[in-house]
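Here, each number is a calculation from the coordinates, and none is a lab measurement. Model, not experiment: these values are computed from the prediction. With ideal geometry, Cβ positions are generated from the backbone for all residues, glycine too; neighbour counts draw on all protein chains shown.
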Amino acid sequence: METMPGVDGAAIAPRVRERSDLDALPDSWVDSRVLLAACGRDAEILEALKNAVRDYVPGALACVEEAFRRGDALALREAAHRLVGMVATVSSSARSAASAVEDAAADGAPARAAPALEELRNVIGSILAGISGVTLRRLKALVDRGVQVPAENGAPAPPIASGARACSRRRSG
């Protein structure tokens, strides 16, 4: 590394610009305008939303997957509907995929939900991998730049360890 002489004659290294959260490419899953509106541009509310995503979305996806594996159209529709509400403030691509799963189940054809469920897994994998890096500063910058990136396939779905037991509705005798 080349150095420059300082005021007192000592060598100083050139200033290295640190990478900021604004340098990263925009995430394909984030709907920055909607998320900024949902949190009211308030950092505490944004943190609460991020925590809710981390805490509840994996279990909700597990419920969707469980109902899909069973071929239970009613449970799939209900689970997908809940997931639509959970992801709508974060990602329009996740909302669209969850809505497509819900629609297929509502039509009584849960098997038709397979492509949308795969897309949903991918987008939720991206959401869970990237939600910690979402900041008000980054969201505002994305909005100011007019960045709206279409969804991309390719992010692996995270392993879902728990949450499936919360899927079953209690039925009284």
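Structure notes:
- Enclosing the Cα atoms of the stretch 26-145 in their convex hull gives a volume equal to 84 cubic angstrom per residue.
- Net length gained if the chain between Ala129 and Val143 were fully extended (0.36 nm per residue, minus Cα distance): 2.9 nm
- Here each label is just a point 7 Å from Cα along the line to Cβ, and for Glu44 and Arg70 those points are 4.0 nm apart.
- Among 124-135, 49-60, 33-44, the order from most to least packed when residues are scored by Cβ within 10 Å on average: 124-135, 49-60, 33-44
- Between the amide H of Ser91 and those of Asp31, distances stay under 5 Å, these residues lying 5 or more places away or on another chain, with hydrogens modeled in the peptide plane.
- With contacts taken as Cα pairs under 8 Å at a separation of at least 6 residues, the stretch 26-145 carries a relative contact order of 33 percent.
- Hydrodynamic radius of the stretch 27-95 per Kirkwood, over alpha carbon pairs, in Å: 12.7
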